[in-house]
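Structure record follows, encoded as structure tokens.
Rule-based calculations on the coordinates, nothing more; no lab input. All values reported here derive from a predicted model rather than from experimental measurement. Here the Cβ positions follow ideal geometry from the backbone for every residue, glycine too, while neighbour counts run over all protein chains shown.
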Amino acid sequence: MTTLFGGLNLIFILLGIALLVLWAFVPFAIFGQKRRLDALIGEQRRTNAILSAMAAHRGIDTSALAPLSADENASLIDVFREARSK
């Protein structure tokens, strides 16, 4: 009986050490994701600025544009899915 519990203790100790090692790398993974998200946000802002400049060049007033409703968004997604499947 004691060897069974001794083996389980060893497994739990190894599992605990593995979790501690992984937990030590969690902050680095979080900060790595933050940099990527910041880069994506920057690219999105750049794209929005380009689209606004294109709309202004064509004389389109973008101030009157409202966000899409849920139904409009769903139908637009369906159109993109159909186009992708072709």
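Measure nothing but the geometry: give the 0 to 90° angle between the long axis through the Cα atoms of 70-85 and the longest principal axis through the Cα atoms of the chain, rounded to 10°.
Around 80 degrees separate the two axes.
Just how large is the dipole of the range 7-84 about the Cα centre, in debye to the nearest 20, putting +1 at every Lys and Arg Cβ and -1 at every Asp and Glu Cβ?
400 debye
Of the labelled options [x] -0.83, -1.06, -1.13; [y] -0.68, -0.91, -1.15; [z] -0.44, -0.79, -1.32, which one gives log10 I(q)/I(0) by the Debye sum over Cα atoms at q = 0.14, 0.19, 0.26 Å⁻¹ as computed for this structure?
[x]
Taking only DSSP H segments of four or more residues, each worth -39500 (n - 2.57), what value at 222 nm results for the chain once the sum is divided by all its residues, to the nearest 500 deg cm²/dmol?
Taken over the chain, the calculation gives -30500 deg cm²/dmol.
Put +1 on the Cβ of every Lys and Arg and -1 on every Asp and Glu Cβ in the range 2-85; which of G16, I50, S75 then has its Cα farthest towards the positive end of the dipole?
Checked the options; the winner is G16.
Would you tally the net charge around F28, using a Cβ to Cβ cut-off of less than 15 Å, leaving F28 out, and scoring K and R as +1, D and E as -1?
Around F28, the charge tally is +3.
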